[in-house]
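Reading through the structure tokens given below for one structure.
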Amino acid sequence: MLSSGNLIQSQMESFLVFLIVLGVAVKAHKVQICPKRCVCQVLNPNLATLCDKKGLLFVPPNIDRHTVEMRLGDNFVTGVKRKDFANMTKLVDLTLSRNTIGSIAPYAFKDLENLRALHLDSNRLTRITNDTFSGMSKLHHLILNNNQLTHIHSGAFNDLTALEELDLSYNNLESAPWVAIQRMSNLHTLNLDHNMLSLIPEGTFSGLQKLKRLDVTSNKLQKLPPDPVFQRAGVLATSGIMGPSSFALSFGGNPLRCNCELLWLRRLQREDDLETCASPQHLAGRYFWTVSEEEFLCEPPLITRHSQV
Ligand SMILES: *[C@@H]1O[C@H](CO)[C@@H](O)[C@H](O)[C@H]1NC(C)=O
Ligand SMILES: *[C@@H]1O[C@H](CO)[C@@H](O)[C@H](O)[C@H]1NC(C)=O
């Protein structure tokens, strides 16, 4: 343990400096290496390296590779490099929130085989590529809200099969990796609000039996795909009360097209939110929940199609 407060003899101090210079080469059983300005806590047997709000411009190079919790929030880190978190196989929780991260090197998180939570919110990421999160099969929480994401490669989330929470809100996404999301069978919270989504493919949520919260507020959706999972949206959670099987669905702030394709949604019994219809023209501006079911009509061309509704 680094009881440096007691080490006042200059001999001991230079020995410590020597150890720090040696950095990761030291097999730190008794002596933990703590980056300058950070606080390192040993919560037996786990090591937490706490570097929030330290004015850091980059990820410090001499993080103890045994760290279980790593906090780097509220700094000025601009990018994540391949070596920054190399060999940190014990890391469970990594927070990089509120920095200025605009780039993540390919495979930068590759060694984090035990990571459960990755917080990257409030940064400057514009895209996520196939090699950004590859191999992170134990990740439960991926928090990416408040970035500038415009594009996520279609295979970028393929390995994230254990994900329970995915937050992509407040970005500029026109699409999401729907096929990968469809396979996240443990997902309970999916935040997609405040993006530019105009279409959610049918079947996206069908296998997500544990889904409890879906927020698609403020997108460009004209409709939602009908899905059995929405039947659980019974009494909405605006009341704050969530029953064991209830489901919180938020979809206000979308240009809803109130025709026969949304009749299923209108039929759900729920406390109303302030969702409004944007089209067809004669319903524009009406509150979704006050439009009667009979008014959710499709134009003649749709009816003549051979579609089984
Ligand atoms: C990671 O481990 C490898 C192999 O032990 C070593 O060569 C490399 O320098 C280590 N990298 C870091 C950043 O600790
Ligand atoms: C990403 O992976 C998907 C499938 O896993 C593949 O179809 C796509 O072409 C890849 N994209 C890039 C840019 O490599």
Open item on the list: Take the conditions over 21 Å from R71 (Cβ atoms), open to solvent by 10 Å² or more (accessible area, probe 1.4 Å) and either within 13 Å of ligand 2 (Cβ to nearest atom) or part of a loop (DSSP other than H, G, I, E, B) (or both) and apply them to N114. Does it pass?
Closed with: no
Task: Number of positions in the stretch 174-199 that are surrounded by fewer than 22 Cβ atoms within 10 Å (Cβ to Cβ), in a loop (DSSP other than H, G, I, E, B) and away from ligand 2 (no atom under 16 Å from the Cβ) - done: 9
- [ ] Answer with yes or no whether V216 is crowded, with 16+ Cβ neighbours inside 10 Å, at pLDDT 85 or above and touching a Leu at 6+ places or on another chain (Cβ under 7 Å).
- [x] yes
- [ ] Please work out which one of (1) of a type in the set (D, E, K, R); (2) open to solvent by 20 Å² or more (accessible area, probe 1.4 Å); (3) modelled with pLDDT of 80 or more; (4) farther than 26 Å from L149 by Cα is the condition E202 fails and give its number.
- [x] (4)
Open item on the list: Which residue is least open to solvent (accessible area, probe 1.4 Å), if the candidates are limited to the stretch 51-89 and must be at pLDDT 95 or above and of a type in the set (K, R)?
Closed with: K54
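The values are calculated or read from the model by the stated rules, or taken from the named source; none is laboratory data. Every value quoted in this text rests on a predicted model; they were computed, and no experiment measured them. Note that each Cβ is placed from the backbone with ideal geometry, even for glycine, and that neighbours are counted across all protein chains shown. Keep in mind that these areas ignore ligands, DNA and RNA; they rest on the heavy atoms of the full protein, side chains included. Shrake-Rupley method; radii C 1.70, N 1.55, O 1.52, S 1.80 Å.
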